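Enquirer: Here's a structure for you.
The values are calculated or read from the model by the stated rules, or taken from the named source; none is laboratory data. Not measured: the values here are computed from a predicted model. Cβ placement follows ideal geometry from the backbone for every residue including glycine, while neighbour counts extend to all protein chains displayed. Side chains included, ligands, DNA and RNA excluded: accessible areas come from the protein's heavy atoms. Shrake-Rupley method; radii C 1.70, N 1.55, O 1.52, S 1.80 Å.
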Amino acid sequence: MRLALLALLARGPAHGYELKQDLEQLLGAAYPQPNVGQIYVTLGRLEKSGLIEGEEVAQSSRPNKRIYRLTDAGHEAVLAWFEEPADEPRVRDEFFMKLALAPGSGLADQIELINKQRRHYLNTMRNLSKLAAAEDRDNRTAQLLVEGAMLHLQADLDWLERCQEELE
């Protein structure tokens, strides 16, 4: 969340609620909606760490609002974030840990675990398909997010198939 907020502030100064709306509009309904309280807590931490600075702006009919802008250090941090590749493929996978530990525990059957996980992935895929259909067609970013999630799910389903073949 912190680096996403820095990237949004690279476009120009904004207050917390504007940043929340920008994230929601950019990422669409498939992405978990940010909590405005979490955004303000994160902004406070970013300000304490010197990556942003805030300024109180008076409003005539409302309470004052705090507008945030990037500092040079914040600009450098978001530049560094864009330069580094994302994390490596996940090797620590909770489902795989269950699958590996099931036989020795005597508490779960591996094939039943695979089938339950497959049903969960298929339900998630159906929900994402509904979101994709309902999503604003002009929001390519949100469409790409949903498409990427569905491709990851398809890869996970293929992997479950491989696990089942290996175990049977």
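Enquirer: I want to verify a result. In a Gaussian network model of the chain, Cα cutoff 10 Å, which of these has the top mean-square fluctuation: 111, 39, 52?
Expert: 111
Enquirer: Same structure, new question: For Kirkwood radius over Cα pairs in Å, which listed value, (1) 16.2; (2) 15.6; (3) 19.3, comes from the coordinates shown?
Expert: Of the labelled values, this structure produces (3).
Enquirer: Mind checking which of 29, 149, 80 has the largest fluctuation in a GNM of the chain, springs on alpha carbons under 10 Å?
Expert: Of 29, 149, 80, the most mobile in the Gaussian network model is 80.
Enquirer: Label points 7 Å out from Cα along the Cβ direction at residue 15 and residue 57: separation in nm?
Expert: 0.8 nm
Enquirer: For the range 71-168, what class follows from the C-alpha gyration tensor (a ≥ b ≥ c being the square roots of its eigenvalues): rounded when a/c is under 1.5, otherwise prolate if a/b is larger than b/c, else oblate?
Expert: Because a/c hits 1.5 or more and a/b fails to exceed b/c, the range 71-168 counts as oblate.
Enquirer: Tell me the carbon and sulfur percent of the accessible area for the chain, rounded to whole percent, probe radius 1.4 Å.
Expert: On the chain, the fraction of accessible area on carbon and sulfur atoms equals 53 percent.
Enquirer: Mind ranking 9, 113, 107 by accessible surface for me, highest first, 1.4 Å probe?
Expert: Order by accessible area, largest first: 107, 113, 9.
Enquirer: Based on the Cβ-Cβ distance from residue 144 to residue 90, what FRET efficiency comes out when R0 is 25 Å, to the nearest 0.05? Intermediate results must be reported in sequence, preceding the final value.
Expert: On the way: r = 20 Å, r/R0 = 0.81.
The computed FRET efficiency comes out at 0.80.
Enquirer: Show which aspartates and glutamates lie in cross-link reach of residue 65 when reach means a straight Cα distance below 20 angstrom and same-chain residues fewer than eight apart are skipped.
Expert: 18, 22, 47, 53, 55, 56
Enquirer: List the trypsin sites (Lys or Arg not before Pro) in the range 16-124 that DSSP assigns to loop (not H, G, I, E or B) and whose Cβ has at most 15 other Cβ atoms within 10 Å. Which are they? Walk me through the numbers before you get to the answer.
Expert: On the way: sites: 20, 45, 48, 65, 66, 69, 90, 92, 98, 116, 118, 119; in loops: 90, 92.
Passing both the DSSP loop test and the Cβ count: 90, 92.
Enquirer: Just to be sure I understand the model, the point goes 7 Å from the Cα along the line to the Cβ. What's the resulting residue 7 to residue 151 distance in nm?
Expert: Distance between label points: 1.6 nm.
Enquirer: Right, here's the next one. Using the Karplus equation 6.51 cos²θ - 1.76 cosθ + 1.60 (θ = phi - 60°), what ³J(HN,Hα) coupling, rounded to whole Hz, does each residue of the range 99-113 give in order, writing x for Gly and Pro?
Expert: So the J values, rounded to whole Hz, are 4, 5, 8, 4, x, x, 7, x, 9, 8, 9, 4, 5, 4, 4.
Enquirer: Using the Cα gyration tensor of the range 66-127, with a ≥ b ≥ c the square roots of its eigenvalues, what is the shape: rounded (a/c below 1.5), prolate (a/b larger than b/c) or oblate (neither)?
Expert: prolate
Enquirer: A further question on this structure: Kirkwood hydrodynamic radius (Cα pairs, Å) of the range 1-81? Can you show the working numbers first?
Expert: Working: mean 1/r = 0.0773 Å⁻¹.
Final number for the Kirkwood radius of the range 1-81 is 12.9 Å.
Enquirer: Also, I was wondering about something else. How high is the relative contact order of the chain, given as a whole-number percent (alpha carbon pairs under 8 Å, six or more residues apart)?
Expert: Value for the chain: 24 percent.
Enquirer: Apply the Karplus curve 6.51 cos²θ - 1.76 cosθ + 1.60, θ = phi - 60°, to the phi angles in the range 153-168 and return the couplings in whole Hz, x for Gly and Pro.
Expert: Taking θ as phi minus 60°, the curve returns 4, 4, 4, 5, 5, 4, 5, 4, 4, 5, 4, 5, 4, 5, 8, 8 Hz for the range 153-168.
Enquirer: If you don't mind, another one. Could you give the length gained on full extension between residue 107 and residue 49, defined as 0.36 nm per residue of separation minus the Cα-Cα distance, in nm?
Expert: 16.2 nm
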